[in-house]
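Novice: My structure is below; once you've seen it, I'll send some questions.
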Amino acid sequence: MSPARRRLIDLTAVALLLGVTIAGFAPTFGHVSYLVAAIGGLAVGMGIAVLCAWRGWGILPGAGLTLAAYLLLAGPLALPSTTLFGLPTLDTLLTTVFGAVTSWKELLTTGAPVSSDGTHHLVPFMMLLVGGVLTTSLALRARPATWALLPAVLLLAGQIALGLSSPAWPIVQGIVFALVAVVWAAVREATDP
């Protein structure tokens, strides 16, 4: 199998695995507005990891790009009401910086469904941004690539811990996650050089 095709399979598996986490946020938010932040965080995180793998960059450039993406894109994707024509303002940057600490507590202490106001959307954005970077980086660089399952499982566990006392679709989430993980691991095992 060509390296390009293997990378495409890895990226598809990562998107599906982390998509299970995105779906798990549905009952917490009760509306689809969180999807912009969650899918945006995932896409940006995966993009950073692909760029770093392609350029051969290590942890520090990847961490720097992740921090810069958080500061620049959290406003348009997770806090659009604080931006001016989609560009971050001083209020956006302050809310983003302080929200990295306080949004978790707000999400945990607010009854579901949480509103789309405030910093609630920062949580799925941050989780999927960092989870996308870590999971994709491991999928593209680690041998065996299944090391990427570790951050994916931790991300899913974090989403479950932050969610409602009765998760979205725990059995369906578990089955889909396990099915994707097993199929991806089998394909990688069969095609690794």
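Novice: Need pairs with beta-carbon distance below 8 Å; first residue touching a residue at least 24 places away in the same chain (Cβ under 8 Å) and within the range 61-80, second crowded, with 21+ Cβ neighbours inside 10 Å and not in a helix (DSSP H, G or I); sequence gap 6+ or separate chains.
Specialist: LEU77/HIS121; ALA78/THR119; ALA78/HIS121; LEU79/THR119; LEU79/HIS121
Novice: Oh, and also: Just the residues that are within 17 Å of PRO3 (Cα to Cα) and either small (Gly, Ala, Ser) or touching a residue at least 40 places away in the same chain (Cβ under 8 Å) (or both), please, taken from the range 127-158.
Specialist: Of everything in the range 127-158, those that are within 17 Å of PRO3 (Cα to Cα) and either small (Gly, Ala, Ser) or touching a residue at least 40 places away in the same chain (Cβ under 8 Å) (or both) turn out to be THR136, SER137, ALA139, LEU140, ARG141, ALA142, ARG143, PRO144, ALA145, THR146.
Novice: Test of understanding: among VAL44, VAL114, which residue is hydrophobic (A, V, I, L, M, F, W, C) and in contact with an Asp or Glu (Cβ under 9 Å, 6 or more places away or on another chain)?
Specialist: Going through VAL44, VAL114 in turn, the sole match is VAL114.
Novice: Oh, and also: What residue, among those in the range 105-132 that are within 8 Å of the chain's Cα centre (by Cα) and among the hydrophobic types (A, V, I, L, M, F, W, C), is most open to solvent (accessible area, probe 1.4 Å)?
Specialist: VAL130
Novice: Continuing with this model, one more query. Restricting to helices (runs of 4 or more DSSP H) lying wholly in the range 1-112: which have 2 or more residues that are β-branched (Val, Ile, Thr)?
Specialist: 3-24, 34-55, 59-78, 90-109
Novice: Looking only at residues that are of a type in the set (Val, Ile, Thr) and over 20 Å from VAL36 (Cα atoms) in the range 136-161, which one is surrounded by the fewest Cβ atoms within 10 Å (Cβ to Cβ)?
Specialist: Selected residue: VAL153.
A quick yes/no check of all residues on (1) within 20 Å of LEU156 (Cα to Cα); (2) open to solvent by 50 Å² or more (accessible area, probe 1.4 Å):
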residue: GLY19; (1), (2): yes, no
residue: PHE25; (1), (2): yes, no
residue: VAL32; (1), (2): yes, yes
residue: LEU35; (1), (2): yes, yes
residue: ALA38; (1), (2): yes, no
residue: VAL44; (1), (2): yes, no
residue: VAL50; (1), (2): no, yes
residue: PRO61; (1), (2): no, yes
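The values are calculated or read from the model by the stated rules, or taken from the named source; none is laboratory data. All values derive from a computational prediction rather than experimental measurement. In this analysis, Cβ positions are derived from the backbone assuming ideal geometry, glycine residues included, and neighbour counts consider all displayed protein chains. What goes into the accessible areas is simple: the full protein's heavy atoms, side chains included, and nothing from ligands, DNA or RNA. Shrake-Rupley method; radii C 1.70, N 1.55, O 1.52, S 1.80 Å.
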